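Enquirer: Below are the structure tokens for one structure; questions will follow.
The values are calculated or read from the model by the stated rules, or taken from the named source; none is laboratory data. This structure is a prediction, so every number in the text was calculated from the model and none was measured. Ideal geometry is used to build each Cβ from the backbone, glycine not excepted, and the neighbour counts take in all protein chains shown. Only protein heavy atoms, including side chains, enter the accessible area calculation; ligands, DNA and RNA are left aside. Shrake-Rupley method; radii C 1.70, N 1.55, O 1.52, S 1.80 Å.
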Amino acid sequence: MKKIAESVKQMLPTLTPLEAPEGMTKEEMTEIFYKMSLIREFDSSVKDLWMAGEIYGLAHSYVGAEAIGVGACMNLEKTDFISSTHRGHGHTIAKGGDVKAMMAELYGKYEGSNKGKGGSMHIADIGIGMLGATGIVGSGMPTAVGAALTSDVLDNGSVAVCFHGDGGTNQGVWHESMNLAAAWNLPCIFLTENNHLAIKTKLNESSKETELYKRAIGYGIEGIAIDGFNVFEVYKTMKYAVEKARNGGGPTLVEARFVRILGHFVADDQKYRDPQEEIDAWTADPVRRIKEYLYTRTDMFTQEEVDQIAADARAKVDEAIEYARHECTEPPADSLYTDIYANNEVIL
Ligand SMILES: Cc1ncc(C[n+]2csc(CCOP(=O)(O)OP(=O)(O)O)c2C)c(N)n1
């Protein structure tokens, strides 16, 4: 089999200029930058803590993808739903998750968002519409379609956003879910986080057609490709797709193109990649770019204000680590059989 490998330079999407949408307020821009910084700080710490042996279970970093989660979720209400992937910390924070409860979850503590039973790859927060991270690639697809079907039946105006990777688009369930959502015109937005890698398999080694948004044609729905490093572009496109879904316009496939900067999981040394690829990818760093944009391209922020927002995010993560380390408790043994079945019923 002939494999055609691409370098990151070839994979890097054309970087579009940052341009805030007309009328976006200072509060909204602050929220965008704060949440992106929070994700960056959270997942940077998770990598360090995992390497230091403080937290267990595989963890996958959302560093580099912050613009996608935040740009998308800025358009969602608490009553809207998201389904996630194995890379779910960023999605949860973007949807409004509590970082203290998340960090406690990663430490396996009872005060964690899932009582320490889920860990990194199974974080869920139903109260904010975060239906769950999952270690099974593609398994968030039918969850999102189910949530969208519920909204449709109840006619309550909620939408569902299904985050998934480019690797996930080759799962059979991806196609089945897209087809059903399209056939039933459900309020579901499929958001492909195309970082061009599935562990170490490059997109063009697993897909002949690497312009993934074009697959929408096969389901009779709209497909849009965007720069996944540009938070405003993600925001604007998702605003359109979310409003369309809310107003009965059915699903959209949005392909957000970017490049995975760090390893597949926190301890991946990426020996299979040219080290220059990571250096090149950092030039597109979405957090640095929005930070610089705010104080150089708008007249709303001083550099000190922007630095303070970043410092607040750092402090929030430090507080979460201290909370998980010193204030949280191990799950009691008798919690082992709770929260497994509905109504706490254990069938032995
Ligand atoms: C059904 C299934 N097959 C294989 C795996 C092993 N696996 C874990 S992550 C991953 C790559 C996923 O790539 P992608 O969907 O592009 O997401 P990314 O990690 O790039 O964000 C694979 C193959 C899995 N967890 N589940």
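Enquirer: Could you give me the residue pairs with C-beta distances under 7 Å whose first residue belongs to the range 207-229 and is within 28 Å of Ile290 (Cβ to Cβ), whose second residue is surrounded by fewer than 18 Cβ atoms within 10 Å (Cβ to Cβ) and of a type in the set (A, V, I, L, M, F, W, C) wherever it lies, and which are 6+ apart or on separate chains?
Expert: Hits for this filter: Tyr213/Ile224; Gly223/Ile217; Asp227/Leu15; Phe229/Leu15.
Enquirer: Out of the helices (runs of 4 or more DSSP H) lying entirely within the range 6-110, which hold 1 or more residues that are closer than 30 Å to Thr302 by Cβ, of a type outside the set (Asp, Glu) and in contact (Cβ under 8 Å) with a residue 24 or more places away in the chain?
Expert: Working: elements: 8-11, 26-51, 66-73, 89-94, 99-106.
Fully inside the range 6-110 and qualifying: 26-51, 66-73, 89-94, 99-106.
Enquirer: Across the range 178-208, what is the total count of residues that are of a type in the set (Asp, Glu) and at pLDDT 95 or above?
Expert: Qualifying residue count, the range 178-208: 1.
Enquirer: Follow-up. Please determine whether any residue of the range 186-195 is open to solvent by less than 40 Å² (accessible area, probe 1.4 Å), more than 16 Å from the ligand (Cβ to nearest atom), closer than 17 Å to Gly90 by Cβ and out of contact with any helix residue (DSSP H, G or I) (no Cβ under 8 Å at 6 or more places or on another chain).
Expert: No: the range 186-195 contains no residue that is open to solvent by less than 40 Å² (accessible area, probe 1.4 Å), more than 16 Å from the ligand (Cβ to nearest atom), closer than 17 Å to Gly90 by Cβ and out of contact with any helix residue (DSSP H, G or I) (no Cβ under 8 Å at 6 or more places or on another chain).
Enquirer: Inspect all residues belonging to the range 196-215 and state whether any of them is open to solvent by less than 20 Å² (accessible area, probe 1.4 Å), under 15 Å from Ala72 (Cβ atoms) and of a type in the set (Gly, Ala, Ser).
Expert: Scanning the range 196-215 turns up no residue that is open to solvent by less than 20 Å² (accessible area, probe 1.4 Å), under 15 Å from Ala72 (Cβ atoms) and of a type in the set (Gly, Ala, Ser).
Enquirer: Does Tyr293 meet the test of being under 30 Å from Val8 (Cβ atoms), outside any helix (DSSP H, G or I) and out of contact with any Phe, Trp or Tyr (no Cβ under 8 Å at 6 or more places or on another chain)? Even if it seems obvious, please write down each step before you answer.
Expert: Working: under 30 Å from Val8 (Cβ atoms): yes; outside any helix (DSSP H, G or I): no; out of contact with any Phe, Trp or Tyr (no Cβ under 8 Å at 6 or more places or on another chain): yes.
No.
Enquirer: Considering only the range 92-109, I want to know if a residue exists there that is more than 26 Å from Met29 (Cα to Cα) and of a type in the set (A, V, I, L, M, F, W, C).
Expert: Residues of the range 92-109 more than 26 Å from Met29 (Cα to Cα): 104-109.
Checking which are of a type in the set (A, V, I, L, M, F, W, C) leaves us with 104, 106.
Yes, the conditions are met somewhere in the range 92-109.
Enquirer: May I pose another question? Of all residues in the range 153-173, count the ones that are buried (at least 19 other Cβ atoms within 10 Å of the Cβ) and more than 17 Å from the chain's Cα centre (by Cα).
Expert: First, the residues of the range 153-173 that are buried (at least 19 other Cβ atoms within 10 Å of the Cβ): 158-169.
Narrowing further to those that are more than 17 Å from the chain's Cα centre (by Cα): 158.
Total meeting the criteria: 1.
Enquirer: Also, quick follow-up: Could you count how many residues in the range 128-150 are away from the ligand (no atom under 16 Å from the Cβ) and touching a residue at least 40 places away in the same chain (Cβ under 8 Å)? Steps first, answer last, please.
Expert: Applying the first criterion (away from the ligand (no atom under 16 Å from the Cβ)) to the range 128-150 yields 128-131, 145-150.
Right, trim to touching a residue at least 40 places away in the same chain (Cβ under 8 Å) and you get 128-131, 145, 147-148.
Going through the range 128-150 one residue at a time, the tally reaches 7.
Enquirer: Name the residues in the range 24-44 that are buried (at least 20 other Cβ atoms within 10 Å of the Cβ) and of a type outside the set (Phe, Trp, Tyr), would you? I'd like the intermediate steps shown before the answer.
Expert: Taking the range 24-44 and keeping what is buried (at least 20 other Cβ atoms within 10 Å of the Cβ), we get 29, 32-33, 35-43.
The answer is Met29, Ile32, Lys35, Met36, Ser37, Leu38, Ile39, Arg40, Glu41, Asp43.
Enquirer: Let me ask something else. Scan the range 52-63 for residues that are more than 10 Å from the ligand (Cβ to nearest atom) and closer than 25 Å to Leu12 by Cβ and jot them down.
Expert: Step one: list which residues in the range 52-63 are more than 10 Å from the ligand (Cβ to nearest atom), which gives 52-57, 59, 63.
Answer for the range 52-63, where residues must be more than 10 Å from the ligand (Cβ to nearest atom) and closer than 25 Å to Leu12 by Cβ: just Val63.
Enquirer: Now for a different question. Here is a list of conditions, (1) closer than 30 Å to Asn114 by Cβ; (2) open to solvent by 20 Å² or more (accessible area, probe 1.4 Å); (3) under 22 Å from the mean Cα position of the chain (by Cα), and Pro331 meets all of them except one; can you say which number that is?
Expert: Against the list (1) closer than 30 Å to Asn114 by Cβ; (2) open to solvent by 20 Å² or more (accessible area, probe 1.4 Å); (3) under 22 Å from the mean Cα position of the chain (by Cα), Pro331 comes up short only on (3).
Enquirer: Kindly indicate whether any position in the range 281-288 is touching a Ser or Thr at 6+ places or on another chain (Cβ under 9 Å), touching a residue at least 40 places away in the same chain (Cβ under 8 Å) and under 23 Å from Ala182 (Cβ atoms). It would help to see each step written out before you state the result.
Expert: If we filter the range 281-288 for residues that are touching a Ser or Thr at 6+ places or on another chain (Cβ under 9 Å), which is where we start, we get 287.
Of the ones still in play, those that are also touching a residue at least 40 places away in the same chain (Cβ under 8 Å) are 287.
Imposing the further condition that a residue be under 23 Å from Ala182 (Cβ atoms) reduces the set to none.
For the range 281-288, residues touching a Ser or Thr at 6+ places or on another chain (Cβ under 9 Å), touching a residue at least 40 places away in the same chain (Cβ under 8 Å) and under 23 Å from Ala182 (Cβ atoms): absent.
Enquirer: Go through the range 64-109 and count every residue that is open to solvent by less than 10 Å² (accessible area, probe 1.4 Å), more than 16 Å from the ligand (Cβ to nearest atom) and not hydrophobic (A, V, I, L, M, F, W, C).
Expert: Counting residues in the range 64-109 that are open to solvent by less than 10 Å² (accessible area, probe 1.4 Å), more than 16 Å from the ligand (Cβ to nearest atom) and not hydrophobic (A, V, I, L, M, F, W, C) gives 3.
Enquirer: Okay, next question. Those residues that are open to solvent by less than 20 Å² (accessible area, probe 1.4 Å) and within 13 Å of Gly64 (Cα to Cα), I need them from the range 244-257; list them, please. Give the steps one after another, and end with the answer.
Expert: Here is the first cut: in the range 244-257, the ones open to solvent by less than 20 Å² (accessible area, probe 1.4 Å) are 245, 250-256.
Ala256, the sole residue that qualifies.
Enquirer: Going through the range 258-290 one residue at a time, which ones are crowded, with 16+ Cβ neighbours inside 10 Å, part of a loop (DSSP other than H, G, I, E, B) and among the basic types (Lys, Arg)?
Expert: Passing the criteria: Arg260, Arg273.
Enquirer: What single numbered condition from (1) part of a helix (DSSP H, G or I); (2) over 12 Å from the mean Cα position of the chain (by Cα) fails to hold for Gly118?
Expert: So Gly118 meets the others, but not (1).
Enquirer: Can Gly157 be described as closer than 23 Å to His60 by Cα, among the small types (Gly, Ala, Ser) and in contact (Cβ under 8 Å) with a residue 60 or more places away in the chain? Walk me through it before giving the result.
Expert: Details: closer than 23 Å to His60 by Cα: no; among the small types (Gly, Ala, Ser): yes; in contact (Cβ under 8 Å) with a residue 60 or more places away in the chain: yes.
The answer is no for Gly157.
Enquirer: Anything in the range 159-178 that is closer than 18 Å to Gly69 by Cα and more than 13 Å from the ligand (Cβ to nearest atom)? List them, or say none.
Expert: Hits for the range 159-178 are Val159, Ala160, Val161.
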